[in-house]
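Some notes on the structure that comes next.
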Amino acid sequence: MNVYDLIFYLFAAITILSAFFVVTTRNIVYSAYYLLFTFFGIAGIYVLLGADFIAMVQLIVYVGGILILLLFGVMLTNKITNVDIKSGTIHTVPATLGVALFAGILLASMWNTNWKNVNSDIQAASTQNLGFLLIHQYALVFELLGILLLIALIGAASMARK
Amino acid sequence: MIYDFFFRITDSNIIASIIQSLLPLFIFILPFALFAVWLERKVSAHMQDRLGPMRVGYHGALQTIADILKLVQKEDIIPNEADKPLFNIAPVLVFIGSYAVFAAIPFSGAFIGSNIDLGIIFIIAASGFVVAGILMAGWASNNKYSLLGAMRSAAQIISYEIPTVLVVLTIIMITGTTNLQTLSEMQTGHFWNWMILGGPKFGIAKFIFIPFMIINFIIIYISTLAEVNRTPFDIPEAESELVSGYHTEYSGMKFAMFFLAEYANMFAVSAIVTALFFGGYQSPVGYLGNLFGMHWLVPIEQFFWFTAKGIFFVFVQMWLRWTLPRLRVDQLMAVCWKYLIPIAFVNLIIIGLITVL
């Protein structure tokens, strides 16, 4: 067990514990803040896997964007309008089915991935290769995703206008 | 250089990196915050035809140390109705966010906290924690002024992040790197190699870049000014409307942490502007160390130039604070969404075209 392993277990513990608290806490603001630590832990694990660009994007998009908007919405409605938002359990059967299906997909991809668990296998700088792949091999997918995001933006703007 | 030293002592590359990333806090942020608070009081005083602090030390130079001692002794007041765990974590989160940024800032050729490839992107990512911390502080205080201040601050920071990132993108397009150390190394030589004057590559493109780079610099300076909540964008802590914004309820050391984070942020954004546009730690005219053949002197000179440029931009921030009145909320959003973002987009497209051609 070296320092590398220790750091991995630290991030793994942060991720799992905070994810557990996200779903068990009744206070929705607390859930949102536990989610912050989950994202942070996942970003740390990405860095350990050598995917530093994905780690940064994880922080920028999820912590800097989605989480802040989520907090914004919760805080604006929770304290100012005096409506108590509590999370409860509803639709247990569809939820279980969905979670089981998703867990199955995740486990299948986990077993079928060729994990690089030796330090020297992990590339030091993957960002340049990633950019190269996105522009050359996956150019069409990349453009389509861009258009999808643009459609979502236009849709959001037109809904907000009504 | 410094990394090798720690590596020899600890014999582990991870521990050595951690120590190196922690260094800026003690060697730079704390002394800088002490100096900047004093400077701010002096600048404001002289602009208003006063003297400012004069009693402690020479021209009040030790005033901030006395203030910190006072803050340490103060009782730590937590409001009864506040959300205690979040109330206690919030200043730490804000401080971590603004201090993590310093890990990727190249102070000199010999010292950078962590020489990662994604330096500038890491800085943008780490500032997300500051927003989360500010919202946490405002919400946990259970005070409507704090919450309003936090909301305004978060809205402002996430809006003004867009023009900042667009400007950073143009720099990435020209230089092809996101590593701040490499970026600073590229602008070596004399001041005409700085990005504000078109970058290191000599040619027609360099002269075409100059006007766009100046526009870029103005956009990023305005938007970073808004990101650190300085006047004329200080509506999150507008004293005449919101008492003091999200840190109204904080006292003692927790208040001091917010204060420290604020001044650390001021230097961080100045350092980013310096590294992107003004040659980073490079001297504008060449080094004394090279002239006299004493090469160990060069990193120290680089540190001097970096701090000097950074503090100059911090001084400009203070200058603006005591010159301009505050913007209204709607004006603030209009400046960002109707002026800065479209201009930044046009700039991005034009610079992209020039780089391709």
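The values are calculated or read from the model by the stated rules, or taken from the named source; none is laboratory data. Keep in mind that what you see is a predicted model, and the values were worked out from it rather than measured. Cβ sites come from the backbone with ideal geometry, for glycine too, and all protein chains shown count toward neighbours.
Kindly indicate whether B:Gln331 is of a type in the set (S, T, N, Q) and crowded, with 22+ Cβ neighbours inside 10 Å. Spelling it out, it is not the case that B:Gln331 is of a type in the set (S, T, N, Q) and crowded, with 22+ Cβ neighbours inside 10 Å. As a summary of the residue check, B:Glu185 satisfies the conditions (1) over 11 Å from B:Phe277 (Cα atoms); (2) assigned to a loop (DSSP other than H, G, I, E, B) except for the one numbered (2).
A single entry from B:Phe292, B:Phe303 fulfils the requirement of being over 16 Å from B:Tyr221 (Cβ atoms), among the hydrophobic types (A, V, I, L, M, F, W, C) and buried (at least 18 other Cβ atoms within 10 Å of the Cβ): B:Phe303.
Quick test for you: out of B:Ile68, B:Ile27, pick the one residue that is closer than 30 Å to B:Gly128 by Cα and free of Cβ contacts under 8 Å to residues at least 24 places away in the same chain. Among B:Ile68, B:Ile27, only B:Ile27 is closer than 30 Å to B:Gly128 by Cα and free of Cβ contacts under 8 Å to residues at least 24 places away in the same chain. Among the residues of segment B:27-41, is there at least one that is more than 25 Å from B:Leu320 (Cα to Cα) and modelled with pLDDT of 75 or more? Yes, segment B:27-41 has at least one match. Entry remark, segment A:20-29: residues being surrounded by fewer than 17 Cβ atoms within 10 Å (Cβ to Cβ) and closer than 20 Å to A:Gly64 by Cβ number 0 in total. Give the residues of segment A:88-114 that are in a loop (DSSP other than H, G, I, E, B) and either modelled with pLDDT of 75 or more or within 20 Å of the chain's Cα centre (by Cα) (or both), sorted by residue number. Selection gives A:His91, A:Thr113, A:Asn114.
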